[in-house]
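Participant: One structure is given below, represented as structure tokens, and several questions about it will come after.
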Amino acid sequence: MTRTNPAPAAGARAPLTLIGTGALAMAAVEALNPEYDLVSETLSRYVHGTAGWLLPAALLAVGAASAVLVVRLGTGAGRAGRAGRVALAVWAAGILVAALFPADPPGRWSRPSTSELVHGNAAFLAFAALPTAAVLLRGTLAARRPGLRTALTALAAVSAAATAALAVFLVDVMDGGPSLGLGGAPTLVGLVERLVLAADFGWVALALAVAGTGHGRGRGRRA
């Protein structure tokens, strides 16, 4: 008789729970601070608002889940796969560092503190690394779940395009701006950042689901 161990399945769900918890924490801090403009203000500024601790907690959860994904992808994925894991590790490390160094309060784009500089640089390095990892790991993940190739590719494309747009808006607001607004909004940097986060979190969650598909498969014992 073959009996399988259910523990790996439970372990596979844990990082997905962390991603979901992080996303819910960000949504909660957004809802608790209606005075912040989600179109023109980056989510990082919410650390100074009501229940601001939810933001670093969310980033720590997502960073930890991403680190788990790096481990689960293993090492035997070819040159592109190995480079993709390095990029993914940079994303995880950047998110964790950004969680530990809070951003400045709103309105200090031109006078950043040391904490803001560390937070901002770590976050953007992470944002740049994620679509890079998504592209490099597409073959590895699609080989495990071919039916998800289109979804993985779409999320990678959205992440890359949104990250490029975010870079433009960040340069604008830090270079004497903001000036690239629309309607009554002085800048769209907050809206674009949220699009980046949604695409990145979605890709990590999907990649975790794929990586967990075979986790523990075939592990059983005869009795």
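The values are calculated or read from the model by the stated rules, or taken from the named source; none is laboratory data. Please read these numbers as outputs of a predicted model, since none were measured by experiment. Every residue, glycine as well, gets a Cβ built from its backbone with ideal geometry; the counts of neighbours run over all protein chains shown. The protein model used for the area step is the full one, side chains on, heavy atoms only, and it has no ligands, DNA or RNA in it. Shrake-Rupley method; radii C 1.70, N 1.55, O 1.52, S 1.80 Å.
Participant: For segment 123-143, what are the residues that are of a type in the set (Gly, Ala, Ser) and buried (at least 21 other Cβ atoms within 10 Å of the Cβ)? Give the derivation first.
Facilitator: Of the residues in segment 123-143, the ones of a type in the set (Gly, Ala, Ser) are 123, 126, 128-129, 133-134, 139, 142-143.
Correct list: Ala123, Ala126, Ala129, Ala133, Ala134.
Participant: Sticking with this structure for a sec: What is the residue count in segment 81-119 for residues that are acidic (Asp, Glu) and surrounded by fewer than 17 Cβ atoms within 10 Å (Cβ to Cβ)? Write out each step before concluding.
Facilitator: Taking segment 81-119 and keeping what is acidic (Asp, Glu), we get 104, 116.
Narrowing further to those that are surrounded by fewer than 17 Cβ atoms within 10 Å (Cβ to Cβ): none.
Residues that pass the stated criteria total 0.
Participant: List the pairs whose first member sits in segment 143-163 and is assigned to a helix (DSSP H, G or I), whose second member is among the basic types (Lys, Arg), and whose Cβ atoms are under 8 Å apart, counting only residues at least 6 apart or on separate chains?
Facilitator: If the second residue must be among the basic types (Lys, Arg), the pairs left are Arg149/Arg138; Leu152/Arg138; Thr153/Arg138; Ala156/Arg138.
Participant: Determine whether Leu43 is open to solvent by 30 Å² or more (accessible area, probe 1.4 Å) and in contact (Cβ under 8 Å) with a residue 40 or more places away in the chain. Full working, then the answer.
Facilitator: Values: open to solvent by 30 Å² or more (accessible area, probe 1.4 Å): no; in contact (Cβ under 8 Å) with a residue 40 or more places away in the chain: yes.
Against the criterion (open to solvent by 30 Å² or more (accessible area, probe 1.4 Å) and in contact (Cβ under 8 Å) with a residue 40 or more places away in the chain), Leu43 does not qualify.
Participant: Now, a different point. Within the set of pairs 6+ apart or on separate chains, which have a first residue in segment 184-199 that is closer than 19 Å to Leu130 by Cα, a second that is part of a loop (DSSP other than H, G, I, E, B) and of a type in the set (S, T, N, Q), and C-beta atoms under 9 Å apart?
Facilitator: From residues that are closer than 19 Å to Leu130 by Cα, the pairs are Val189/Ser40; Val189/Thr42; Gly190/Ser40; Gly190/Thr42; Leu191/Ser40; Glu193/Thr42; Arg194/Thr42.
Participant: While we're looking at this one, here's another question. In this structure, is Gly94 in contact (Cβ under 8 Å) with a residue 12 or more places away in the chain and either of a type in the set (Gly, Ala, Ser) or in contact with a strand residue (DSSP E or B) (Cβ under 8 Å, 6 or more places away or on another chain) (or both)?
Facilitator: Working: in contact (Cβ under 8 Å) with a residue 12 or more places away in the chain: yes; either of a type in the set (Gly, Ala, Ser) or in contact with a strand residue (DSSP E or B) (Cβ under 8 Å, 6 or more places away or on another chain) (or both): yes.
Judged against the criteria, Gly94 is a match.
Participant: Counting only residues that are β-branched (Val, Ile, Thr) and more than 14 Å from Leu136 (Cα to Cα), which one in segment 59-80 is most open to solvent (accessible area, probe 1.4 Å)? Please lay out each step first, then the result.
Facilitator: Keep residues of segment 59-80 that are β-branched (Val, Ile, Thr), which gives 62, 68, 70-71, 75.
Still in the list and also more than 14 Å from Leu136 (Cα to Cα): 62, 68, 71.
On the way: Val62: 0, Val68: 49, Val71: 108 Å².
Applying the filter and picking the extreme gives Val71.
Participant: Based on what the data block shows, is Asp172 among the acidic types (Asp, Glu), without any contact (Cβ under 8 Å) to a residue 40 or more places away in the chain and open to solvent by less than 30 Å² (accessible area, probe 1.4 Å)?
Facilitator: Details: among the acidic types (Asp, Glu): yes; without any contact (Cβ under 8 Å) to a residue 40 or more places away in the chain: yes; open to solvent by less than 30 Å² (accessible area, probe 1.4 Å): yes.
Taking the combined requirement at face value, the residue satisfies it.
Participant: Also, quick follow-up: Can you find a residue in segment 66-74 that is closer than 18 Å to Ala160 by Cα and of a type in the set (Lys, Arg)?
Facilitator: No, segment 66-74 contains no residue that is closer than 18 Å to Ala160 by Cα and of a type in the set (Lys, Arg).
Participant: Looking at Ala103, Ala51, Ala61, which one is within 24 Å of Ala134 (Cβ to Cβ) and of a type outside the set (Val, Ile, Thr)? Please lay out each step first, then the result.
Facilitator: Values: Ala103 fails: within 24 Å of Ala134 (Cβ to Cβ); Ala51 fails: within 24 Å of Ala134 (Cβ to Cβ).
Just one listed residue meets the conditions, Ala61.
Participant: Does segment 100-112 include one or more residues that are within 18 Å of Val204 (Cβ to Cβ) and modelled with pLDDT of 95 or more? Can you show your working first?
Facilitator: Initially, segment 100-112 is screened for residues within 18 Å of Val204 (Cβ to Cβ), giving none.
Taking every residue of segment 100-112 in turn, none turns out to be within 18 Å of Val204 (Cβ to Cβ) and modelled with pLDDT of 95 or more.
Participant: While we're looking at this one, here's another question. Check segment 29-38 and report whether any residue there is modelled with pLDDT under 90, closer than 20 Å to Ala199 by Cα and touching a Gly at 6+ places or on another chain (Cβ under 9 Å).
Facilitator: Checking segment 29-38: at least one residue is modelled with pLDDT under 90, closer than 20 Å to Ala199 by Cα and touching a Gly at 6+ places or on another chain (Cβ under 9 Å).
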